[in-house]
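Novice: I'd like to ask some things about the structure below.
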Amino acid sequence: MKISSVTKIGKLNRLDIFLLMLSGGFILWLCLKDSGSLSYHWHWHKALNLLFTPKSDGSVSYFIQGIFATLRLTFWGALLALVFGVLLGLGRRSSYFIIRMLANCYVQLVRNIPPLVFIFIFYFFIANQLVPLLGLEGILREHSGEINGLQRWLFGDANLWENLASGVLCIGMISAAYIGEVVRSGLDNIDQGQHEAAKTLGLSTWHRYRYIIAPQVLKAIVPPLAGQLISLVKDSSIISLISIQEMTFVGTEIANSSGMIFEVWIMVALCYFILCFSLSQAFAWLERAQRQI
């Protein structure tokens, strides 16, 4: 046990030691610094009451509603990104030139445009053109009927359905381009002999991919796929710029109205950390389970 500890310490290089000393010195300076000389005074008790105290009508606080909106946004966005990303990955490997070209054009277009620019263009296109074209105004904009508890839990209030749909499409289509590349690289790493052996056994294309190719691809792409889905959770904060009331948007409004800037944003960062860390642990468990198969 002692030898293992010494070995780990011995692996630290000079840069690691310097960074550790620098970080330690900064933390020590903060601890020794007279709090009275700081221009900012912490109000954690007020901030926590403001963020988590239910409203007077008994409903959850505005900040909790923002957390639920982020969960809905990331869940539906991840679902869209996975489905569309798999189709893009398969399209990149298609034997038809037109399908390969369309999939490649979409991936290259999305990956080489800043996400913020894509979101602004696509959001205004959805709001002004796509919704009326598909005849969805009655559902997304002018819904007047009652919604049940399950609909409210899955999609939120009816008057915000258009915002939710726009946000889901935006982050889902952006992440799908990257997931498509992850799937494509996973397919490329499968030895051609696997396909030939499956054909020799007389398996159809569907059964070949379902029972032979897909399990191997899934095992190979779990780590990069986990990273992309975690990035999707963090990138959902950009959607606040198109006035979708998720956690970052709500945090901005609360921080600006209360003046408790650092307390509110530290809580927002902590919530994002909990979401992303939980997702990373779930994928780590999945990766360990696959190794045992």
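All of the numbers you see were taken from the coordinates with simple rules; none came from a lab. Bear in mind the structure is a predicted one, so any value in this text is a computation, not a measurement. FYI the Cβ positions are ideal-geometry reconstructions off the backbone, even for glycines, and counts take in every protein chain you see.
Novice: Regarding the range 210-293, what are the three Cα extents along the principal axes, ordered largest first, in Å?
Specialist: Result, largest extent first: 56, 24, 13 Å.
Novice: Still on this structure: Got a sec? How would Ile147, Ile17, Ile171, Ile244 order by Cβ neighbour count within 10 Å, fewest to most?
Specialist: Taking fewest neighbouring Cβ atoms as first place, the list is Ile17, Ile147, Ile244, Ile171.
Novice: If I stretch the segment between Phe273 and Leu28 completely, what's the gain in nm (0.36 nm per residue apart, minus their alpha carbon distance), one decimal?
Specialist: So the chain would gain 85.7 nm between Phe273 and Leu28.
Novice: Could you please rank Glu263, Glu253, placing first whichever residue has the fewest other Cβ atoms within 10 Å of its Cβ?
Specialist: Glu253, Glu263
Novice: For a footprinting-style exposure proxy, rank Val110, Val268 by other Cβ within 10 Å, fewest first.
Specialist: Fewest to most other Cβ atoms nearby, the residues stand as Val110, Val268.
Novice: May I have the pair-distance distribution P(r) for the range 151-248, computed from all Cα-Cα distances with 10 Å bins from 0 and rounded to whole percent?
Specialist: For the range 151-248, the binned pair fractions read 14, 32, 23, 19, 11, 2 percent.
Novice: Would you mind pulling out the separation of the Cα centroids of the range 235-293 and the range 188-228, in Å?
Specialist: Measuring centre to centre over Cα atoms gives 34 Å.
Novice: Then there's this: Could you compute how fast the range 150-205 diffuses translationally, taking Rh as the Kirkwood radius over C-alpha pairs and applying Stokes-Einstein at 4 °C with viscosity 1.567 mPa s? Give it in µm² per second.
Specialist: 87 µm²/s
Novice: Can you give the FRET efficiency to the nearest 0.05 for Leu48 and Gln281, using r as the Cβ-Cβ distance and R₀ = 25 Å?
Specialist: Efficiency, from the Cβ-Cβ distance: 0.45.
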